[in-house]
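S.K.: I'd like to ask some things about the structure below.
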Amino acid sequence: DLIKLIHDKQQELREYLNRRERRALKIHDPVRIKNLEKIIGHLDRLLVFLVPSGEGTYDEQKIASLQSILDQITAPENISFSSAWELADMLEVQLVRFGDDVYILTLLKALEASIDADEKSGMSSQNVKKADINGLLEGYFNGKFKEHHKLQEARQLLEYLLQAQISGYRRDRAKALLRGNYLRIIAASISVSIALLAIFFSLAEKGKNNPDYINYLILTVIFAGALGSILSRAIKLGKQPLDEKSKTSEETPLGIRALISWWKVFFAQPAIGAASALILFFVFYSGLVKIDELALGPSHYSVLGFLAGFSEAYFIGILDRVAGSTGGSLQ
């Protein structure tokens, strides 16, 4: 019995959420909890639409589709963040398929209001024209769509828009996960670079009398450059918006393919920063460029190495000065 199954799923989800509330020390995922509660709400609405009304039955394909989703709602404690979100969205599609005429009318009016709001704000986020909505609304009279095909067209339109929205949510979740993975790797790389930089800097600070002074100094500069390069990458990634509608941002949102390609570039990033820092070390150590007759030490070279890795413009600017002093130019 489908109605009994829905009741059972609601009860199972509610009991699970109640148990979680009693675990005060357990960390909660608010988005996952929100979607599980959303599932319960959608199931409750479906119960209303599935109660026999004497006006015919639903076709087997719709019932099979709903049954498939209900079969996936088992062991709530094992439903992941993404699955909870996905199941909630899929049940929203089921509401459109099973909803009565009044429910479909309500969704159409909400869509019409959304289009009006977008037009007033100068946006065009909906993939549907207002005239199409009006044509469907005109087919509704006295609690029913006068022609069955109008109701079917309305269902198809609403489901299409929902599926497009769900696809956008999936894309955003994938972007967020990619960025999260990327930032974790960056954080680990920064931590390692800082630790190694601190070690070699402390060894270089012991002075030039140390027979390994130059080796420690070079390693200090290398890790300073790697750190600068990684940090620069992290800052650029942090500025990237997830939403293409973020018109106030100067950065263009990265797509999934672009984010994936960043992984390959990232693994070369520390090496590029280290190489840039090492080249500038030779420039300043040899005296080709001087800073107000300042006697440079490990701390100065660390800062210069960091800047070389962090800023491409700074690195090229110094090289251009060297090229100019020898009668050449990088231009």
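Every read-out reported here was derived from the displayed coordinates using simple, explicitly stated rules and does not represent laboratory data. Because the structure is predicted, anything quoted here is derived from the model rather than measured. FYI the Cβ positions are ideal-geometry reconstructions off the backbone, even for glycines, and counts take in every protein chain you see.
S.K.: What aspartates and glutamates sit close enough to LYS208 to cross-link, taking a C-alpha to C-alpha distance under 20 Å and skipping anything fewer than 8 places away on the same chain?
M.R.: GLU293
S.K.: I would also like to ask the following. Using the per-residue mean of other Cβ atoms lying within 10 Å as a proxy for protection, in what order, highest first, do the peptides 279-285, 311-317, 220-226 fall? List each step's numbers first, then the result.
M.R.: Details: 279-285: 18.1, 311-317: 14.6, 220-226: 29.0.
In descending order of packing, they fall as 220-226, 279-285, 311-317.
S.K.: On a 0 to 90° scale, report how tilted helix 298-310 is relative to the longest principal axis of the chain, with both axes built from alpha carbons and the result rounded to the nearest 10.
M.R.: On a 0 to 90 degree scale, this one is about 40.
S.K.: Which of ALA110, ALA84, ALA187 ends up with the largest GNM mean-square fluctuation for the chain, with Cα atoms connected below 10 Å?
M.R.: In the Gaussian network model the winner is ALA110.
S.K.: Additional query: Kindly provide the helix-only [θ] at 222 nm of the chain, computed as the sum of -39,500 (n - 2.57) over DSSP H runs of four or more divided by all residues, to the nearest 500 deg cm²/dmol?
M.R.: Working: 11 runs with 241 residues, N = 331.
That calculation yields -25500 deg cm²/dmol at 222 nm.
S.K.: Another question, then. List, in order, the whole-Hz ³J(HN,Hα) value for each residue of the stretch 101-116 obtained from phi through the Karplus relation with A = 6.51, B = -1.76, C = 1.60 and θ = phi - 60°; use x for Gly and Pro.
M.R.: 4, 5, 5, 5, 4, 4, 5, 5, 5, 5, 5, 4, 5, 5, 5, 4
S.K.: Once the Cβ-Cβ distance between GLU153 and VAL303 is put in as r, and R0 is 51 Å, what FRET efficiency do you end up with, to the nearest 0.05? Mind dumping the intermediate values first?
M.R.: Details: r = 67 Å, r/R0 = 1.31.
E between GLU153 and VAL303, to the nearest 0.05, is 0.15.
S.K.: Right, next: With a point put 7 Å past each Cα toward its Cβ, work out how far TYR285 is from ASN134 in nm, to one decimal.
M.R.: If labels sit at TYR285 and ASN134, their model points lie 7.6 nm apart.
S.K.: What distance in nm lies between label points placed 7 Å from Cα along the C-beta direction at LYS208 and SER80?
M.R.: So the label points at LYS208 and SER80 sit 5.9 nm apart.
S.K.: Then there's this: Counting only C-alpha contacts under 8 Å and six or more residues apart, can you give the relative contact order of the chain as a whole percent? Walk me through the intermediate numbers first.
M.R.: Numbers: 310 pairs, mean separation 43.8, N = 331.
Normalised by residue count, the contact order of the chain is 13 percent.
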